[in-house]
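Right, one structure below, let's go through it.
Laboratory data are not the source of any read-out in this text; all were calculated from the coordinates shown. If you're wondering where the values come from, they're calculated on a predicted model, not measured in any experiment. Note that we place each Cβ from the backbone using ideal geometry, even for glycine, and neighbour counts take in every protein chain shown.
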Amino acid sequence: MKKRRHSWVDVGDDEPPRKRKYKSSRLDSHPIKKKVKRPDSAEGSGKPKTSSIQEQRNQLPIAHGKDALVRELQENDVTVLVGETGSGKTTQVPQYILESGISGRGMIAVTQPRKVAATSLATRVAQEQNVSVGGLVGYSVRFDEASSQNTRIKYVTDGMLIRELLSDPLLSRYSVVVIDEAHERTLRTDLLLANLKTIQKTRNSYTGGKKGKEPASKQNPLKIVVMSATLDADKFSRFFGNAKILYVQGRQHPVTVYHTANSQPDYVDAALRTFFQIHTDQPPGDVLIFLPGQEDIENLDKSIKLYADRLPKDAPGVAVYPMYAALPAHKQAAIFSSAPQGMRKCILATNIAETSITIPGIKYVIDTGKCKEKRYISRDTGSGFDTLLTKDITQSSAMQRTGRAGREGPGFCFRLYTEEAFSAMPLSAEPEILRCTLTSSILQLKCLNQDLETLDFMDKPDTESVGSALATLYLLGAIDDTKALTKLGRDMAFLPLEPPLARALMASVEFACTLEVLNIVSVLSASSKLFIDTTESRETAAEARRKFRHPSGDHLTVLNIVKSYEEMHKSQGKSGRKEWCKKQLLNERCLLEAVDIKKQLSTSCERLGIDWKVSCGEAEYPILKSLLRGLVHQAAFLQPDGSYKQIMGPSTVKIHPGSSLCDKKVPAIIYDELVYTTHIYARGVSSVPRSFIAEVSVLNRRRSG
Ligand code: CDP
Ligand code: MG
């Protein structure tokens, strides 16, 4: 760097910081006040070389070790493969397995913790194979699938593969299962690893077969490949009886790391200023900014565009691309293409760009040091549910983020936190199984006749969270008082929904309002929120949505919106619908996703013999009763002081200011989730008669007695 106006500390390559060179200047000048210099070359951002897709394949670090790798995969039942992000593990290994015949007649499953990674990788590998996605190469994620009888390589979310266990407990369709991104240690990855270990024992064992005459099970052996981007391979290897560990020789250019001199509480603003400092002062090269979540990404996206518009006419432009889990598929592809001529590409991503997805051309990384983490809030202190919290990343994540800048040449990483903050970060993340709700997993295990307590896990979950998940399942009627799975529980597990929503949908059959509940749970299952709610826009939004408002609260308000939207769908064109959503401050993406989810769920309903078209018309009580069956553990009674006391839990909650009931006092409420800010707020709230809650309690007592 020629000029350093930042307060960054140079700590050299991708290494823990040692040197301390503080600069006194602060990052407080307004970005657009600065004189804009043109980048040295008018060429714009560092574009990926335009070599053919096959040349690109052959140039990947993993290609050099291909023969040795294939040999090891042939010889070992379990292999642990470690390699730098971008070395070609995820895209190449499945193709090597297929091309070398290791997978025989079976399929290859490649698991991903995130939906967006599974679909985009399948698209890429299909391209490399010169086929269209859904043929030889396919994917399967919740609410979306592209595969056929010809599919041999299938990218799946780990959750979907667990779902497949329900219908095929030995995963007999697969001859190879690749567990990718294993270092993330998601709850589902851990569940899969535990199951795969057992499955492999069954499928690969000789059960008393005579010499030369192998039993049927051995004719369909299973190979397991565990892939990780970090050097934590030992634990995986030990778990699989000291499995062979292979390292892919990486190719990483030096990255200069800077820390801020002071902490930056407003990390979005700090990222904005840092971006424009890079843009105005630094040579061409794309920028990747790591942010915790969609909301921050959308805000920064807007701000960057706003300031970019005000840059002098002769200054190079900025092309901004967001990347997060809920991004619609057609927008994902854009981030892999180069920016328009003369423009600097700026990608705003969550930790998805840490290891799952390699974006070419990145020279500068801005790391806010934050991510969102699912965490279980224990019943003693709160809800007894998972909440997404924004928190500091780990050192391992910080290194991964830094590494993204050095893929194609020397790069720079600007950390928006101090060197001390880096040192204080935990080395790596705690496995999810130790910090998340186990309700859904236990239910799925019950369907497989397994118990969490008896499975062989890499890390055993603690008894409190197992107990609380069992209690919830009991309340929902999914298990009985001997902890045995009920028929209802089995049906609930069949629906690709969180157990509370699955319970509500099952209850809608009893109350003859399936169509209505289906519409509501589809919106609640979408990955983005329906209401565009910021503190500033709250009043305008409430005003705009007044006509949809239902006196009983948010769930029926959602239903009114879905109904209007469906009518709009028929009568108006695409732009009309967009305009309509904009006017009411509704997030159309959520509604579009809900339409897809509803389609999928209605198929699941049909397979369970449920007529999903049954409607209760304008009646509201059947709907509320159904929802209450699922949200019974998320109910609260009004207190004299106007707050609400949880029925199942010690906390006192307030109704979220964004709720249609926020200024009402109703005797009892149910809610979708709790949000922790200055208070504990209940969000997605409906008012229910107290007598309904009493009814459910009686039912539960009767079941247990
Ligand atoms: O799994 P790993 O991080 O080792 O690498 P990979 O995901 O197999 O990526 C290998 C190469 O494929 C990278 O250089 C990516 O740029 C490229 N790739 C791509 O162009 N488009 C995708 N959707 C995925 C990967
Ligand atoms: Mg990968």
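Between Tyr621 and Gln219, the modelled labels are 6.1 nm apart [label points 7 Å from Cα along Cα→Cβ].
When restricted to Cα atoms, the range 129-193 yields an Rg and a Dmax of 12.2, 34 Å, respectively. Here the ratio of the Cα radius of gyration of the range 45-141 to 2.2 N^0.38 Å is 1.11. With the gyration tensor restricted to C-alpha atoms of the range 439-702, the semi-axes of the equivalent ellipsoid amount to 30, 23, 18 Å, longest first.
Using every pair of separate Cα atoms, the Kirkwood estimate puts the hydrodynamic radius of the range 212-367 at 18.7 angstrom. Let me make sure I get this right: for the range 404-466, a, b and c are the square roots of the gyration tensor eigenvalues over alpha carbons, sorted descending. Under 1.5 in a/c it's rounded, otherwise prolate if a/b > b/c, else oblate. Which is it? Prolate.
A simple spin-label model places the labels of Val595 and Arg690 4.4 nm from each other, with each point 7 Å out along Cα-to-Cβ.
Residue ranges 445-452, 251-258 sort as 251-258, 445-452 when ordered by packing (mean number of other C-beta atoms within 10 Å per residue, highest first).
Dividing the convex hull volume of the alpha-carbon atoms in the range 586-705 by its residue count gives 158 Å³ per residue.
Scanning the chain for cysteines with no neighbouring cysteine C-beta under 4.7 angstrom from their C-beta gives Cys346, Cys371, Cys413, Cys436, Cys447, Cys581, Cys590, Cys605, Cys662. Placing one identical point scatterer on every Cα of the chain and ignoring solvent, what is log10 I(q)/I(0) from the Debye formula at q = 0.06, 0.09, 0.11 Å⁻¹? The Cα Debye sum returns log10 ratios of -0.38, -0.87, -1.29. Each Lys and Arg adds +1 at its Cβ and each Asp and Glu adds -1 at its Cβ; summed about the Cα centre, the range 439-702 shows a dipole of about 760 debye. Can you bin the range 256-320 into rounded, prolate or oblate? Criterion: square roots of the alpha carbon gyration tensor eigenvalues sorted a ≥ b ≥ c, rounded for a/c under 1.5, prolate for a/b above b/c, oblate for the rest. Oblate is the answer for the range 256-320, as a/c is 1.5 or above yet b/c matches or exceeds a/b. Rounded to the nearest 20, the Cβ-based charge dipole of the chain about its Cα centre (Lys and Arg +1, Asp and Glu -1) stands at 1060 debye. Within the shell defined by Cβ-Cβ distances under 11 Å, the residues around Tyr644 carry a net charge of +2, with Lys and Arg each +1 and Asp and Glu each -1. Neighbour counting of Cβ atoms within 10 Å sorts the residues Cys413, Cys590, fewest neighbours leading, into Cys590, Cys413.
The string of couplings for the range 400-411 from the Karplus curve (6.51, -1.76, 1.60, θ = phi - 60°) is 4, 4, 4, x, 4, 7, x, 6, 10, x, x, x Hz, one whole number per residue in order, with x for Gly and Pro. Rounded, prolate or oblate, given the Cα gyration tensor of the range 502-646, with a/c below 1.5 counting as rounded? Oblate shape, in that a/c is at least 1.5 and b/c is the bigger or equal ratio. In order along the range 604-618, the phi-based Karplus estimate (6.51 cos²θ - 1.76 cosθ + 1.60, θ = phi - 60°) of 3J(HN,Hα) comes to 4, 4, 4, 5, 8, x, 9, 8, 7, 8, 5, 10, 9, x, 8 Hz; Gly and Pro are listed as x.
Here is how the number arises for the chain: DSSP H runs of 4 or more residues each give -39500 (n - 2.57), the sum is divided by the residue count, and the result at 222 nm is -11500 deg cm²/dmol.
Rounded to the nearest 5, the antiparallel percentage of DSSP beta bridges internal to the chain is 35%.
Along the axis of the charge dipole computed for the range 255-433 (Cβ charges of +1 for Lys and Arg, -1 for Asp and Glu, origin at the Cα centre), the listed residues Ala308, Pro292, Gly369 are led at the positive end by Ala308.
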